[in-house]
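Since the structure comes first, as C-alpha cells, the remarks are kept for the end.
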Amino acid sequence: MAGTCFKCPVSLTVFKRSFCVTPRSGPASRTFFYGGRLGEKGVQEGCWAARPTALRTVGSFRFPAYFCFSCQESMSESLRTCYLYLNQTSRSFAAVIQALDGELRHAVCIFYLVLRALDTVEDDMTIPFEKKVPMLNDFHTYLYQADWCFTESHERDKQVLEDFATISLEFRNLGQEYQDVISDICQRMGVGMAEFLEKKVGSMKEWDQYCHYVAGLVGIGLSQLFSASQLEDPEVGRDTELANSMGLFLQKTNIIRDYLEDIQVARAFWPQEAWSQFACHLEDLAEPAHLTSALSCLNLLVTDALRHVPDVISYLARLRNQSVFNFCAIPQVMAIATLSACYNNPQVFQGVVKIRKGQAVTLMMQATNMAAVQSIMAQYSQKMLHRVSLTDPSRDKTLRILRVIQERTVSQTTLPSRTTHLSPIYLSAAMLIAALSWQYLSTGQPEGNTDMQGH
C-alpha cells in the first residue's frame, strides 16, 4: 500500500510504493510541530463517523508514504530521503503534511525537519550547556553550510542531525520565499530555546512567551508558507496574532495534559505563578492529599488555554484551500477534545488522560469543513460547561470564555461552509488519513485508548 498524490490523476485504489516505518517510542518533544500530539476524543456521529472495527484491517499494511509511484520517481534522491525522515520522526503530522497541495508540501516537510533537528539539539541533555547555547543561537546559519552535521547526539531522532546536509540541501532547493520564512523562524526559535535553557517558566506572561517560541512561531511560519505558496491570501501570513494563538492553544494543551510525565523526568512547564497559588512545590499536586488544590490549578490553566479558541476559529474561517484547512483543523479539534478530557479530571495527576482510538479517527474524518469544526468546538465546550464546579476559583473566568466560544460556534451560518466544495478526491483523502491514523494509533497500544500523538 502507498498513499495518494493529490496532484496526479491516479486512482486511490492503485498504489505502488510505501515506506516501512518503525513507530516511535518514548517521551514526546516539547515543540508544537511534533509535540502537537494528534489523537483525542470522539465527536458526535455524522456522515464521517467510522467504526473502529472497520479500520482494523489497515494494521496489516506498512505505514505509507503519501505519493504515487510517478511522483516519487520525479523527486531527487535527497528529497525522497527527507520524506523518509519525515515518516520516521513524525506520527500524525506526516500524513497531513503529505496531503498538502503542490510545492507547499515540500516546503512544510523541510520546515518540519529543520525544526525537528533544532529541537533535537535542545532536548539532548548530553550536549554540554556551553556548547548547546551557541548551537541553538546559530542553528539557522547551518542551513547555508552545505557540509554541516552533528554526530554526537544521543536522541532517538539523531538522524536528522547526522544527515542534516541532506535536509539543508533540499532547503536551499526551495524557492527563496520559502527559505526566508524557514530561516527566520529557525533563528527566532533557536534564540528563544536558548533563553529558556537558563530560566524556568515563572509568570503566566513567561508561559505565553515560552509557548510562543516553541509553538507560536511554528504557527506563524506555517501561515507565512501558506501565503507564500499563494494557496492562501497574504493576510493569513500577515496576521501573526491569530497564527500565534493557533500554536499556543496546541502547546498549552500538551503541557497541561503531560503534567505527570514531565515531573517524573524533572521537567517543569506549568507556570509557577499558577501552581504556587495552590502548592509549595509543583510535584506536590500529584499527592492525593492535594487533589482539590491540584484540580483548581489544572482548571486555571485550562481556562487560560481556552482563551485562544476564538482566535483559532477566526483563523480557520479565513482559510480557503482544502488541504491547508485539513492540515490546520485536525490538530485543533484534537486539542479542544483533549482539553475537555483534562478539565477537572484527577487522572491528569495520576496517569495519562487517554481517549478511544475510534473517536480520534472520527475527529480526523470530520474536521474537513468550518461547520463541522464549529460543531466540534461547541460540543466540547458544552461538556466543560457542565463540569464547572461551584467552588472552583476560576469558575467565573471559565464560564465567561466558554460562553464566548459557544457564541462563536452556534451561528454557523455566518461563515462560508466548505461542505459543498469538497471534491471526491478530498473526501477519499480524509478517509485515507483517518485509516492510516487508525493503523498508527493501533500499533503497540492497549485496546481502547490513545493520546494526542498516537501513543
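Values quoted throughout were computed directly from the atomic coordinates according to the rules given, and no laboratory measurement underlies them. No experiment lies behind these values; they were computed from the predicted model shown. Neighbour counts are summed over all protein chains in view; Cβ atoms, including those assigned to glycine, are modelled from backbone coordinates with ideal geometry.
General remarks:
- Since only L300, C328, A341 are under comparison, the one whose Cα sits farthest along the positive direction of the charge dipole of region 256-342, derived from C-beta charges on Lys, Arg, Asp and Glu, is C328.
- When only alpha carbons are used to place a centre, region 352-409 and region 263-325 end up 14 Å from one another.
- Under the Karplus curve 6.51 cos²θ - 1.76 cosθ + 1.60, θ = phi - 60°, whole-Hz ³J(HN,Hα) for region 286-297, x wherever Gly or Pro sits: 7, 7, x, 5, 10, 4, 4, 5, 4, 5, 5, 5
- Given K205/K354; K199/K357; K131/K205; K357/K383; K205/K397; K205/K383, the pairs whose alpha carbons are separated by over 26 Å: K205/K354; K199/K357; K131/K205; K205/K383
- Each Cα pair under 8 Å and six or more residues apart adds its sequence gap; the mean of these over the residue count of region 118-161 is a relative contact order of 48 percent.
- Across region 259-273, rounded Karplus estimates of 3J(HN,Hα) from the backbone phi angles (6.51 cos²θ - 1.76 cosθ + 1.60, θ = phi - 60°) give 3, 5, 4, 6, 5, 5, 10, 6, 10, 10, 10, 6, x, 4, 4 Hz, Gly and Pro being marked x.
- Between N173 and S276, the FRET efficiency from the beta-carbon distance, with R0 = 51 Å, is close to 0.55.
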